[in-house]
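First the structure, in the form of structure tokens, and then the observations on it.
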Amino acid sequence: MNDDSQQIPVKLPEPTLRRLPWYLAYLKLQKDQGVEFVSSTQISKEINVDASQIAKDLSFINISGKTRVGYEVNSLVDVLEDFLGFTKTHKAFIFGAGSLGAALLHDNGLEQFGLQIVAAFDVNPKKINTVINNIPVYDLKEFERYRKELGVNIGVLTVPVDKAQQVADQMIEGGLRAIWNFTPFRIRVPHDIVVQNTSIYAHLAVMFNRLNCIQD
């Protein structure tokens, strides 16, 4: 007999996962303004995603709207936050306390989405044993010890590109299961390691190209 009280995790298409936080951000604004119900058509007008696509995306999270009324805003916000993992705290380390790493260490907003940076690691003696935004920076050599001590399984990679694969290998060997990669280098990892690539340089290239096309 199946236990209906336990939901089996669903692996959503990546485009859907990328859109769900857009819906959540809009719904939170509506919630703050006291709006009780919202339709997929209303969401569509604000974030420029087809209403049928929004309805399809939301069908993955097992919530349905009411005919001629729409989705109950408070409930949908709660369901989305829980489904996306934003209500659970996920501890993480940052690897590379340079300009980008330090900026992320100063970003207190990450905790609102469930990501708690508990320590950073670097090889620069000037950064080791310092504190950035109340978060300690340790020697990279001490990473595995602190991972076991703090029970961390996520690493944020912000090292120079020529060190990306080397540090990624060390992160995996030390027991991390997921890497948020901010370098422009596409690291190679085993199939059971989760990698999310977020290269600001790639997004810059796209923006510059589109801008040049408009200007031409």
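The values are calculated or read from the model by the stated rules, or taken from the named source; none is laboratory data. Quantities reported herein were computed from a predicted structural model and do not represent experimental measurements. For neighbour counting, all protein chains shown are included, and Cβ atoms are generated from backbone atoms with ideal geometry for every residue, glycine included.
Here are the numbers for the structure shown:
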quantity	calculated
Close pairs (8 angstrom Cβ cut-off, 6 or more residues apart or separate chains): more than 19 Å from SER75 (Cβ to Cβ) in region 37-54, of a type in the set (Lys, Arg) and surrounded by 13 or more Cβ atoms within 10 Å (Cβ to Cβ) anywhere	VAL49/ARG19; GLN53/ARG19
Flag if LYS126 is under 25 Å from LEU12 (Cβ atoms) and either modelled with pLDDT of 95 or more or in the same structural domain as ALA164 (by TED's automatic domain parsing) (or both)	no
Which listed residue, of VAL137, VAL159, VAL152, VAL131, is surrounded by fewer than 17 Cβ atoms within 10 Å (Cβ to Cβ) and among the hydrophobic types (A, V, I, L, M, F, W, C)	VAL131
Flag if ALA103 is under 17 Å from THR183 (Cβ atoms), surrounded by fewer than 22 Cβ atoms within 10 Å (Cβ to Cβ) and at pLDDT 95 or above	yes
Single match in LEU140, LEU211 (criterion: among the hydrophobic types (A, V, I, L, M, F, W, C), more than 21 Å from GLU111 (Cα to Cα) and outside the structural domain of ALA102 (by TED's automatic domain parsing))	LEU211
Residue match in region 80-93 (condition: in a loop (DSSP other than H, G, I, E, B), touching an Asp or Glu at 6+ places or on another chain (Cβ under 6 Å) and within 30 Å of GLN30 (Cα to Cα))	yes
Counted residues, region 35-93 - those being of a type in the set (Val, Ile, Thr), surrounded by fewer than 16 Cβ atoms within 10 Å (Cβ to Cβ) and touching a Phe, Trp or Tyr at 6+ places or on another chain (Cβ under 8 Å)	3
One residue from PHE208, PHE143, PHE182 being of a type outside the set (A, V, I, L, M) and loosely packed, with under 15 Cβ neighbours inside 10 Å	PHE208
Elements of type strands (runs of 3 or more DSSP E) in region 102-160, at least 2 residues being in contact with a helix residue (DSSP H, G or I) (Cβ under 9 Å, 6 or more places away or on another chain) and farther than 23 Å from ARG186 by Cα	115-122, 135-139
Scan of region 158-216 for residues that are without any contact (Cβ under 8 Å) to a residue 12 or more places away in the chain and of a type in the set (S, T, N, Q), ordered by number	GLN166, ASN209, ASN212, GLN215
